[in-house]
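Some notes on the structure that comes next.
The values are calculated or read from the model by the stated rules, or taken from the named source; none is laboratory data. Being a predicted model, the structure only gives us computed values, none of them experimental. Cβ coordinates were reconstructed from backbone atoms using ideal geometry, including for glycine residues, and neighbour counts include every protein chain displayed. The area values use the complete protein model at the heavy-atom level, side chains included, leaving out ligands, DNA and RNA. Shrake-Rupley method; radii C 1.70, N 1.55, O 1.52, S 1.80 Å.
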Amino acid sequence: MLDAVRYLVDNGVKWRAMPADFPPWDRVYAFFRRWRRQGLDVEFHDRLRGKVRISEGRAAEPTAGVIDSQSVRAASSVPAASRGYDGGKKVPGRKRHVITDCLGLLLVVAVTAANVGDREAAVPLLERVRASHRSLRLIWADGGYTGMLVDWAREKLHLVLEIVKRSDEPRFVVLPRRWVVERTLSWLMRSRRLARDYETLPATSESMILWSMTMLMSRRLARRTHTATTAMSLAA
C-alpha cells in the first residue's frame with residue numbers, strides 16, 4: 001500500500017490507472033483516505049523528519065523555521081469553492097502555505113484558494129506550528145508577511161517573525177535563509193502529482209505534499225544507511 005501511494009504521488013497517475021503490480025486502486029485509495037482522516041500520514045512524516053534531523057547531527061525538534069507560499073494551477077477536478085486567482089503571480093488555482101525547518105524539511109502545510117493572502121493564511125499556520133513544535137523561537141519570512149502579523153506572532157505566540165527583505169541588486173541574489181524554503185517548494189514540484197493541483201479536497205492536497213516529503217526523507221535516510229554500511233564493509 002505504501003509503495004502504491006508513493007508511486008501515484010511520484011508519477012502523477014490517476015487512481016484508476018494504478019499498475020497491476022499493486023493492489024486494486026480502490027483498496028489503495030481507501031487506505032490512503034483512512035490514513036489521512038486518522039492523521040497517520042502526518043505522524044509517519046513527522047517521525048521520519050525527526051530521524052533525518054538526528055542523522056544530520058541536529059536535535060529532533062527545530063528551534064527556527066522559514067515560512068513561504070507557492071501558487072499552483074488547479075485542474076478541472078478542483079471545485080470553484082476552493083480555488084481562486086493569485087493576482088500577484090497571475091495563477092488561477094490554489095496556494096500552498098508551508099513552514100520548514102533550517103534543513104528545508106516540512107513542519108506544517110496548509111492548502112487554500114490562490115486568492116488567500118499570505119498574512120491571512122499565516123495566522124492559523126503559525127498557531128499550528130507553535131502548538132506542535134514548542135521549541136520554535138524564530139521564523140524567517142519575506143516581505144509579504146510584514147505588518148501587524150509580526151507583532152501578533154511576538155505577543156500571542158512568543159515567536160520572532162524576522163523579515164528578510166529583497167536585495168536592491170539588479171542581479172539575482174540568494175537571500176539569507178529564504179533559499180531554504182524556496183528549495184523545498186522546488187522539491188515538491190519534482191513529484192508529478194504536485195505539478196498541478198488535482199485534488200477535490202484541500203486536505204487531500206496537503207496529504208499529497210506530506211507523502212512527497214516522506215519519499216524525499218526516506219531516500220535520504222536510505223542513502224545515509226547505505227553509505228555507512230559500505231564504509232563499515234571496507235573497514236572490515
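Worth a mention:
- Within the stretch 101-116, being small (Gly, Ala, Ser) and open to solvent by 30 Å² or more (accessible area, probe 1.4 Å) holds for no residue.
- Selection within the stretch 119-150: residues that are modelled with pLDDT of 95 or more and among the acidic types (Asp, Glu). The member of this set that is most open to solvent (accessible area, probe 1.4 Å) is Glu120.
- Only one of Asp3, Asp10, Asp26 that is of a type in the set (Asp, Glu) and either crowded, with 20+ Cβ neighbours inside 10 Å or touching a Ser or Thr at 6+ places or on another chain (Cβ under 6 Å) (or both): Asp10
- Unique match (being open to solvent by 70 Å² or more (accessible area, probe 1.4 Å) and not aromatic (Phe, Trp, Tyr)) among Ala81, Ala17: Ala81
- Matching option when the condition is of a type outside the set (Val, Ile, Thr), within 20 Å of Arg219 (Cβ to Cβ) and assigned to a strand (DSSP E or B), among Leu107, Leu8: Leu107
- The set of residues in the stretch 110-139 being part of a strand (DSSP E or B) and within 15 Å of the chain's Cα centre (by Cα) consists of Ala110, Val111, Thr112.
- Restricting attention to the stretch 7-43, the residues that are among the basic types (Lys, Arg), at pLDDT 95 or above and under 23 Å from the mean Cα position of the chain (by Cα) total 4.
- Number of the exception - Pro176 against (1) part of a helix (DSSP H, G or I); (2) open to solvent by 30 Å² or more (accessible area, probe 1.4 Å); (3) not small (Gly, Ala, Ser): (1)
- Restricting the stretch 34-76 to residues that are open to solvent by 20 Å² or more (accessible area, probe 1.4 Å) and among the hydroxyl-bearing types (Ser, Thr, Tyr), the residue that is nearest to Val160 (Cα to Cα): Thr63
- Looking across the stretch 23-80, the residues that are in a helix (DSSP H, G or I) and aliphatic (A, V, I, L, M) come down to Val28, Ala30, Leu40, Val42, Leu48, Val52, Ile54, Ala80.
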